[in-house]
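Input: a single structure, listed below in C-alpha cells.
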Amino acid sequence: MTRSVMGTDRRTSRVRPLLTGLACVLTTSVALTTLTFSSPAGAGTADSGLKGAIDTLLADSRLDGGAAGVVIADADTGERLYQRDGGDRLMPASNTKIATSVAAMGVLGPQYRFATDVLSTGSRDGATLTGDLYLRGGGDPTTLAKDYDKLAAAVAATGVTKVTGRLNADDTRFDTQRLGRSWASDDESSYYSAQTSALTVAPDTDYDSGTVIVEAVPGARAGDKPKVTLVPKTAYVKLDISGTTVAAGQSDTLSVQRRHGSNTVTVSGTIPIGASATKEWVTVWEPTGYAAAVFADALVRHGVKVAGTTRLGRTTPATAKLVTSHSSMPLRELMHPFMKLSNNMHAEALTKAMGHKTAGRGSWSAGLAAIAAQLSKEGVTTSTVRQVDGSGLSRMNLFPAEQFASLLVSVRDAPWYADWYASLPQACGPDRAAGGTLRTRMCNTPAALNARAKTGSLTGASGLSGYVKDAGGRELVYSIILNNYLASSVKSIEDAIVVTLARSDTATESVPAITPALSRTTDQPADRECSWQKPKFC
C-alpha cells in the first residue's frame, strides 16, 4: 500500500499478538565516543562548548539542503542555552500533539471524561418500549466493543425485550467533517488516518478508534482462500476475499485494503501454507454507523429486539430519559495512550471536544481556536504558528522550535503538569506503557530513562521536543525540528543532541562530543511514528 503523505510503501504486517510481540530493535543509535572537531569558520572560543557540539551534529550531511530549528533552554529560568533558527516555521509532525495535549489539560481538565449514553423516548408496557432508543456519543475515542456490550446488557437489565421504534445514533456533539485538512487520500484506509466522529469504536486497548482488525491466515490447502476474521466481529464491514493460499515457500503477497467510500475490505494476493498471519488495522467508512452496528448486535445478544431500522445523525430529544451510560477513563489517564503511542484520533477527538466546550461546536475550527487561546495563556506567540489539526498529520501545520521551547518551560507551573509530563514517552522506557515511541531510542546512554519527549515523523519532517537532565542535574528543555531532508532518517541526529545534553554539565560548559550513528538496525519506516506501524515497533 502506498502512503503518499508518509512517502513509503508499506507491506502488510506479519505479526504476533500485540501483548506478546513487543520486543523491539533500535531505530537509531548514538556512539558515545568523544570526538575532536574543528570549529566553524569565525567561531569564538564558546564553540568548544555546547554551541560547537550541537553545530557539529547539525552539520551532518543528511541535513544538507534541509532546515533545522533547534532551541535548548534552562527549564527553570527559560534562559536560552542554544538556538539555531528557532524562529523559523517548520513542519512539526506529531510534535503538534504537545500543543493539543497541553490545551486539552487546560481547557477540559485532567478529570474530564467522555460519556456515551443510551436514552429512550416513549412509554413502557411491561417488557415493551413503545418508542425509540438513542445511542448518544460524547466523542469518546476509547470505547471498545465490550463497552457497547455492557450498555446493551444494562438496557436488557431494565426488563426491556422489545423496542417498537428505532435505534437512533446521535453523533451531533461533533460536526460531520470526518477527515482533517489536507490529509492524504491514499492514507484513507490506514488506521492512523481514521475518520473522527462523536460515536466510534476502538478494536483493542491501543484505542485506535474508527478501525477494525483484519486478520488472515492460510487455508488448509494450496488453492484455498485465506481464512479471514474481523475484530470486533461485525457485519458493518464486508470482506471480499480474492486471495489464494499457495504452497509453502512461495511468495507471500497478501494485502488488505478498504475500498474508497465503502466498508468493503479486499484481501488479495497470495499467502503460503505455514505463513504467519497477515494482520491489518483498517479504518471504517462512517464510524457512527460502525458504533451503532456494534451496539445493535449487542442488544440482540442480550435479548432486546428493535423493530425499526437504525438511523444515523439523529439529535436526542430533550425529553428522552437516560437508561444507562458509559464513561471513559479520565483525561489524565487517556493522556498515556494518546501521547505515548502518538494516537492521531485521540488528538482530533480532544480538539473537537475543546471546541464543543468553549464554543458549543464540536468542530476543528472551534477546537483549534480553543487550543490557540490556551497556548496564548501559556506565553506562546500564536501569530507565528499555523495549526490545522490536532495530531500533526497535516503537512500544513507550521510551528517554530522557539515556541515549543517556550511552551515546555511555561507548562511546568500548571497544576496538572505532573500528569501531563508522565504521559510523554521516556527514552528507552522498559515497556510500551513507559517508553512509547521512544522505547527503543537512546538506550545505553545517560539519556535512557532520563529524557522525556514527544516524537514526530512525516516524510522529510522529524521532531523531538521535551525534557532532559544534564550531568549536573540541571533540567533542560529542547525542541528539535528537522525538515526538507532527503535521507531516510535523521532520528539519530536528534538522539545525539539529547545524549549530548545528558552527558554535559551545561553550567560549566563541560560538553563531550557525540557521534550520531549512520546505520539502522530495523526495517521500520523512519518517516512515520513507530507506533503508527502494526504491530507496534515501539
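Please treat every number below as a calculation from the coordinates, not as lab data. All values reported here derive from a predicted model rather than from experimental measurement. Backbone-built Cβ (ideal geometry, glycine too); neighbour counts: all protein chains shown.
Summary of computed values
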{"item": "Sequence-distant residues sharing a close amide H with Ser465 (under 5 Å, placed H)", "result": "Lys454, Ile480"}
{"item": "Taking Glu280, Glu348, Glu509, Glu286 and counting other C-beta atoms within 10 Å, the order from fewest to most", "result": "Glu509, Glu286, Glu280, Glu348"}
{"item": "Residue-averaged [θ]222 nm for the chain, counting only DSSP H segments that reach four residues, each worth -39500 (n - 2.57)", "result": "-6500 deg cm²/dmol"}
{"item": "Kyte-Doolittle mean at least 0.5, axial Cα span of 15 Å or more - DSSP H helices of the chain", "result": "96-107, 287-301, 364-377, 491-503"}
{"item": "Candidate aspartates and glutamates for bridging to Lys454, where Cα separation is under 14 Å - those fewer than 8 sequence places away on the same chain excluded", "result": "Glu494, Asp495, Glu529"}
{"item": "Cα gyration tensor category, rounded, prolate or oblate, for region 86-244 with a/c compared to 1.5", "result": "oblate"}
{"item": "Neighbourhood net charge (13 Å Cβ-Cβ; Lys/Arg +1, Asp/Glu -1) for Gly308", "result": "+4"}
{"item": "Within straight-line cross-link reach of Lys233, lysines at Cα separation under 25 Å, skipping those fewer than 8 residues along the same chain", "result": "Lys146, Lys150, Lys162, Lys225, Lys279, Lys305, Lys534, Lys536"}
{"item": "Answer label for Rg and Dmax of the Cα atoms in Å (calculated), chosen among (i) 24.8, 80; (ii) 22.5, 73; (iii) 24.8, 89", "result": "(iii)"}
{"item": "Computed FRET value (nearest 0.05) for Tyr417 with Arg221, which takes r as the C-beta separation and R₀ as 51 Å", "result": "0.30"}
{"item": "Amide hydrogen neighbours beyond the local backbone of Leu476, cut-off 5 Å, H modeled", "result": "Ala75, Val468, Lys469, Asp470"}
